[in-house]
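Beneath this line is the structure, given in C-alpha cells, with notes to follow.
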Amino acid sequence: MTASPTPLNTEEVGSLASIIMVMQRKFMAMLMGELSRDRLSFPQFFLLGHLGSHGPTGMTSIAELMGHSTPAATGLVQRLEKLGYVKRTHEINDRRKVTVSVTAKGIRLVEGIRQEMIGNLSRVQERLSPQEQHAWLDIYKKIHDYCTACHS
C-alpha cells in the first residue's frame, strides 16, 4: 500500500512559483515578439481578446476593464481603430455613448496568435505522457475556475 502524497511544503510552493514565473516570462516574450510585428502592445491585444470573447463593449466598461481613465481608454481604442482592429459606433439615441467592437482583421490577429500558442503548447505536450497531459489540463481548468470566481 502506498502512502498518500502530502501537501506541498513552503519550499515546494516556492519552487512552483519560480517555475510559473519562468514560464510566464517565456510565453510573454514569445507573445510580445508576435505583437511587435503588428505594432500592438499587450494592453491592446488584451482588449482585442476581450472584445472578441465578450462582443461589443462601451467605453466606460473598457476603461474599467483596463484600469484606465476614460480618456486613456479612448486613446487605446483610437490606436486600435487606426490599425483597423476595432470599430467604434455611436448609439442612435445618445451620440455621446460609444460602443467598440472588434473587426474581422482584429479577430484574425487574435486567432492567429491563439493558433501560435496552440502550436507552442503542443510542443510542450510532446514531452508529457497522455496521463500527464490530461492531468495538466485538469489542473489548469481548476486554476481557471478559481481565477474566474475570484475576479468576476
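Bear in mind that the values in this text are calculations on the coordinates, not laboratory data. It should be emphasised that the depicted structure is a prediction, and the values quoted were computed from it without experimental measurement. Ideal geometry is used to build each Cβ from the backbone, glycine not excepted, and the neighbour counts take in all protein chains shown.
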Inset, instruction - Go through Pro130, Met59, Ala149 and say which Cα lies farthest out towards the positive end of the charge dipole of the range 40-150; charges sit on Cβ, +1 for Lys and Arg, -1 for Asp and Glu. - result: Met59
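Quick check: from the Cα gyration tensor, does the range 56-108 come out rounded (a/c under 1.5), prolate or oblate? Could you put the intermediate results ahead of the total?
On the way: a/c = 1.84, a/b = 1.17, b/c = 1.57.
Note, shape of the range 56-108 comes out oblate.
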Inset, instruction - Multiply the residue gap between Phe27 and Val13 by 0.36 nm, knock off their C-alpha separation, and tell me the result in nm, one decimal place. - result: 2.9 nm
Legend entry - Förster-model FRET efficiency, 22 Å R0, Asp94 and Ser69, C-beta, rounded to 0.05: 0.60
Legend entry - Whole-Å distance, taken between Cα centres, linking the range 65-92 and the range 130-152: 32
Inset, instruction - Would you mind calculating the relative contact order of the chain from Cα pairs under 8 angstrom and at least 6 residues apart, reporting the percent as a whole number? - result: 17
Legend entry - Segments 130-141, 58-69 sorted - mean Cβ within 10 Å per residue, highest first: 58-69, 130-141
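Which of rounded, prolate, oblate describes the range 1-44, given a ≥ b ≥ c as roots of the alpha-carbon gyration tensor eigenvalues and a/c under 1.5 marking rounded, otherwise prolate only if a/b is larger than b/c?
Working: a/c = 4.99, a/b = 3.68, b/c = 1.36.
It is prolate, given that a/c is not under 1.5 and a/b is the larger ratio.
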Legend entry - Debye intensity ratio I(q)/I(0), log10, the range 40-150, q values 0.22, 0.23, 0.24 Å⁻¹ (C-alpha model): -1.16, -1.22, -1.27
